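Here it is: the structure, laid out below.
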Amino acid sequence: MWAPLHMRKIFVGGIDYTTTDESLREHFSSWGDVVDAVVMKDMTNNRSRGFGFVTFGSPEHVDAVQKARPHKVDGRLVETKRAVPRGETNNSVLPTSSHPDPTHTRIFIGGLPQDVKEEDLENYFANFGRVTCINIMYDKNSGRHRGFAFVDFNDYDPVDKVLLTRNHSIKGRLIDVKKAISKSDISKIKSIMTGAMAGPEAAFLASFGGGGGSNDGTPASTPIPPPLGALPPVAGTSGGASMNGSAGGRPAAPGTGTGTSSGGGASPGGTLPLPPMAHHFFPRLPLAGLPGFSAQLRSGWQYSLSGNAEVLRNTAVPAGAISTRPSGAPAIAPAAAAAAAMTQANASALLAGGSEEEEEEEEEEEQVMDMEEGGSEAWEGTRGEDSCPPSARVLFIEPFYGGSHRQLIATLRSDESVIGPEEAALFTLPSKKWHWRARTAALYFYQKIPISHVFKVMFASSTLNLCELIGLRPDLAPVKKILYFHENQLVYPVKKQKDRDFQYGYNQILSCLVADVVVFNSQYNLESFLREMPRHLKLQPDHRPDTHSLVEAVRAKSRVLFFPVNISHKTRSPKDALEPLHIIWPHRWEHDKDPTTMFKVLFQLAEAGLNFRVCVLGQSFSENPPIFNEARQRLANFITHWGYAESREKYWELLHTGDVVVSTAHHEFFGVAMLEAVGAGCFPICPNRLVYPEIFPQECLYNTTQQLQKSLAQWCARPQLVRSKKVNLDLNTFSWATLKQQYRDLLT
């Protein structure tokens, strides 16, 4: 079946300068029929520009190529992404580099009919890739959804595929699909609208003067006209390769930084201030009046201002004219058009809009659930698997069914010597909206768990407010109640102490008092919880309880039982002495894992001229710490993999390529990923704090960042030093075979 060219074409970046059309074709022909393969060359000297394009006979071949990432052509790792036709812009608000961005895994969906449910969205978008989360936004007063939603994928490639598909419809209605961006970028938009611009913001504004472009930085064939009046020049904005590379005056390859300013002249640092909203261009761009824009802004997310070159440039209007109508949206009403002449104060007021409830919800998200970032995390998805056989004697309850929470229950239920399939009942909630799970799960399970049962044992994670559930369901009080702590909220790091919600930790204390057995996954987890109990309860302004007796009551029923780690053993290929040191960082992309320290150390190694390779794994989110974008740019020549592994097999394959696995975490209650990497043959190097001294020998611990940098620098210079080191650690201590009997006794 015929498919349009843009669905059959990929961009290949970072290729070796010795790669030819033939070698490019030969490599990618393994995944399908290659119609054309071309390495783009400089017209002046006929040298390769470091990137190319491959056209296949079918879109399925492109899917196969993307599933097989990363690719190595002529001995060099390259990056592949779906090519975007000339004349269509990057689906992002601020300037981005030409390489794929693994943080862009979320899309915005507008124009939803009221009868559309989460299942409808999941069934539709599952055709493009693995859906990890669906959020339909509801009105808190009426309970009706607000006509838009967000869908998260596990990778950036499904997002690209969705956006390249021209029209989407659900239940016979066309919907509007855009790429979502984070709240941090929304603040940049606000600074643009108020005139407080610098660096990237100024470059963004200048990009209006230079027109849109393809996802490879190509200037659009019908560029948007510059604003009326002169814009201050901004340095650093450049063109790139067109999809077919046939445009005259070919610019430099992506990432070379040799492009010219779209504003014309250079500006030192690209940070010249602009007058606030006085420019004639802004009244012609009523952003807050665009259909869907205000809703996305209030929800904390929004789609690209330029969308698919339709928000700012619509094909239905004359070339060069400005259109503010997204694809499929009705024409803006005269009242909205009149609002286009808003003053600076009105524009700022619109952009600053947002309810106090939404701001509170943002603050609550600062304190989130820890999900161990191990390889068995959740490639199976996040949907529940509720079941309740009539003869079930063990009741499993998991309000946050994902990550290590899901992995533990799956391990327990998979071994019939511990519990038979007809002996276990399971009730779960999806692993999203953690703070709502912690607050309301008890009421949900109160209605969900059958009244008639023969349960003897209950096993629940500390996310559940066990005290509430037993109060609602006194029939469960005689059951042996086991509370398992994957983490504890008393020491969970927050950016500011005022952001810590007292109720989360308080609920966990009450749950411990109601439980019959309290299990922690490490001694550190147990001791830190007991140590912080008095301090937490003293936050009460008056009528404080006797904290000493409470601590002793919890200690008496507590024990430590390690999390069972499953190691996938593969044969490691011997490495040549000249092969660079390969560093693995397999953690969640959040502030508590301290990625800033890790990347700053790598920046210093790179600046010192040391050779290494780095594989950045772990789960990324819709909004990640800014250091990831900086690291992706500055370490581009050192990165072998970037982002979440698309499968468990791929995850283990990547771990087996590593020499060293590094942690810089400010928080860790167990560390599944570190142990998995050690099982794959990596040497661990961890901070001498948290749970690490309990698990790893002294030779694997560092006290200061300088010690970490020194060790890595030595191993970069002489990789064989670390490759010959053996870790004095018995992984069998954490294996299921060793721990099985203890878990069997626990569930008896």
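Please tell me if Lys178 is at pLDDT 90 or above and in contact with a Phe, Trp or Tyr (Cβ under 7 Å, 6 or more places away or on another chain).
Values: at pLDDT 90 or above: no; in contact with a Phe, Trp or Tyr (Cβ under 7 Å, 6 or more places away or on another chain): yes.
Against the criterion (at pLDDT 90 or above and in contact with a Phe, Trp or Tyr (Cβ under 7 Å, 6 or more places away or on another chain)), Lys178 does not qualify.
Does region 663-670 contain at least one residue that is among the hydroxyl-bearing types (Ser, Thr, Tyr), touching a His at 6+ places or on another chain (Cβ under 8 Å) and either farther than 20 Å from Trp589 by Cβ or touching a residue at least 12 places away in the same chain (Cβ under 8 Å) (or both)?
Step one: list which residues in region 663-670 are among the hydroxyl-bearing types (Ser, Thr, Tyr), which gives 663-664.
Keeping just the survivors that are touching a His at 6+ places or on another chain (Cβ under 8 Å) gives 663.
Okay, now just the ones that are also either farther than 20 Å from Trp589 by Cβ or touching a residue at least 12 places away in the same chain (Cβ under 8 Å) (or both), so 663.
Yes, region 663-670 has at least one match.
Given the conditions (1) polar (S, T, N, Q); (2) within 32 Å of the chain's Cα centre (by Cα); (3) buried (at least 18 other Cβ atoms within 10 Å of the Cβ), which single one is not true for Thr19?
Here Thr19 meets the rest and fails (2).
Scan region 455-490 residue by residue and report those that are open to solvent by 10 Å² or more (accessible area, probe 1.4 Å) and either of a type in the set (Gly, Ala, Ser) or free of Cβ contacts under 8 Å to residues at least 24 places away in the same chain (or both).
Correct list: Gly471, Pro474, Ala477, Pro478.
Now for a separate question. Could you tell me which of the residues Arg555, Arg572 is within 30 Å of Arg473 (Cα to Cα), among the charged types (D, E, K, R) and either part of a loop (DSSP other than H, G, I, E, B) or in contact (Cβ under 8 Å) with a residue 24 or more places away in the chain (or both)? Give the derivation first.
Working: Arg572 fails: within 30 Å of Arg473 (Cα to Cα).
On inspection, the qualifying residue turns out to be Arg555.
Shifting gears a bit: Name the single residue that is modelled with the lowest pLDDT among those in region 371-411 being acidic (Asp, Glu) and surrounded by 23 or more Cβ atoms within 10 Å (Cβ to Cβ).
For region 371-411, the residue satisfying everything is Glu377.
Let me ask another. Given the conditions (1) aliphatic (A, V, I, L, M); (2) open to solvent by 40 Å² or more (accessible area, probe 1.4 Å); (3) over 23 Å from Arg437 (Cβ atoms), and given that Val565 satisfies all but one, which numbered condition is not satisfied?
Condition (2) is where Val565 drops out.
Would it be correct to say that Ile685 is free of Cβ contacts under 8 Å to residues at least 40 places away in the same chain and among the hydrophobic types (A, V, I, L, M, F, W, C)?
Numbers: free of Cβ contacts under 8 Å to residues at least 40 places away in the same chain: yes; among the hydrophobic types (A, V, I, L, M, F, W, C): yes.
So Ile685 fits the description; yes.
Let me ask something else. Which residue pairs have Cβ atoms under 6 Å apart, sit 6 or more places apart or on different chains, and have a first residue in region 116-143 that is over 15 Å from Ile175 (Cβ atoms) and a second that is basic (Lys, Arg) and open to solvent by less than 40 Å² (accessible area, probe 1.4 Å)?
Final answer for the pair search is Cys133/Lys432.
Go over the candidates Glu527, Glu579 one by one and state the one that is assigned to a loop (DSSP other than H, G, I, E, B), over 30 Å from the mean Cα position of the chain (by Cα) and of a type outside the set (Gly, Ala, Ser). Steps first, please.
Numbers: Glu527 fails: assigned to a loop (DSSP other than H, G, I, E, B).
Testing whether each residue is assigned to a loop (DSSP other than H, G, I, E, B), over 30 Å from the mean Cα position of the chain (by Cα) and of a type outside the set (Gly, Ala, Ser) leaves just Glu579.
Here's something else I'd like to know. Among the residues of region 156-175, how many are modelled with pLDDT of 85 or more and either surrounded by 21 or more Cβ atoms within 10 Å (Cβ to Cβ) or not in a strand (DSSP E or B) (or both)?
13
Show me the helices (runs of 4 or more DSSP H) entirely contained within region 398-476 in which 1 or more residues are over 23 Å from Leu561 (Cα atoms). Spell out the reasoning first.
Details: elements: 403-414, 434-448, 466-472.
Helices (runs of 4 or more DSSP H) meeting the threshold: 434-448, 466-472.
Please go through region 727-738 and pick out each residue that is assigned to a helix (DSSP H, G or I), surrounded by 14 or more Cβ atoms within 10 Å (Cβ to Cβ) and within 32 Å of the chain's Cα centre (by Cα). Write out each step before concluding.
First, pick out the residues of region 727-738 that are assigned to a helix (DSSP H, G or I): 731-734, 736-738.
Checking which are surrounded by 14 or more Cβ atoms within 10 Å (Cβ to Cβ) leaves us with 731, 734, 736, 738.
Selection gives Leu731, Phe734, Trp736.
Restricting to region 707-726, what's the tally of residues that are surrounded by fewer than 16 Cβ atoms within 10 Å (Cβ to Cβ) and under 23 Å from Lys593 (Cα atoms)? Write out each step before concluding.
Here is the first cut: in region 707-726, the ones surrounded by fewer than 16 Cβ atoms within 10 Å (Cβ to Cβ) are 707, 710, 714, 717-718, 720-721, 724-726.
If we keep only those that are under 23 Å from Lys593 (Cα atoms) as well, we get 707, 710.
Residues meeting the conditions: 2.
Of all residues in region 55-76, which are open to solvent by less than 20 Å² (accessible area, probe 1.4 Å) and more than 18 Å from Glu649 (Cβ to Cβ)? Give the derivation first.
Pass one, region 55-76, residues open to solvent by less than 20 Å² (accessible area, probe 1.4 Å): 55-56, 62, 65-66, 71, 73.
Selection gives Thr55, Phe56, Val62, Val73.
Also, quick follow-up: Please enumerate the residues belonging to region 136-155 that are hydrophobic (A, V, I, L, M, F, W, C) and open to solvent by 30 Å² or more (accessible area, probe 1.4 Å).
First pass over region 136-155, keeping only residues hydrophobic (A, V, I, L, M, F, W, C): 136-137, 148-151, 153.
Listed by number, the list holds a single entry, Met137.
Another one. Consider Glu79 against the criteria (1) outside any strand (DSSP E or B); (2) in contact with a Pro (Cβ under 9 Å, 6 or more places away or on another chain); (3) of a type in the set (Asp, Glu): it satisfies all of them except one. Which criterion is unmet?
Going through (1) outside any strand (DSSP E or B); (2) in contact with a Pro (Cβ under 9 Å, 6 or more places away or on another chain); (3) of a type in the set (Asp, Glu) one by one, Glu79 breaks only (1).
The values are calculated or read from the model by the stated rules, or taken from the named source; none is laboratory data. None of these values were measured; they are calculated from a predicted model. Every residue, glycine as well, gets a Cβ built from its backbone with ideal geometry; the counts of neighbours run over all protein chains shown. Ligands, DNA and RNA are stripped out before the accessible areas are found, and what is left, the full protein with its side chains, is counted by its heavy atoms. Shrake-Rupley method; radii C 1.70, N 1.55, O 1.52, S 1.80 Å.
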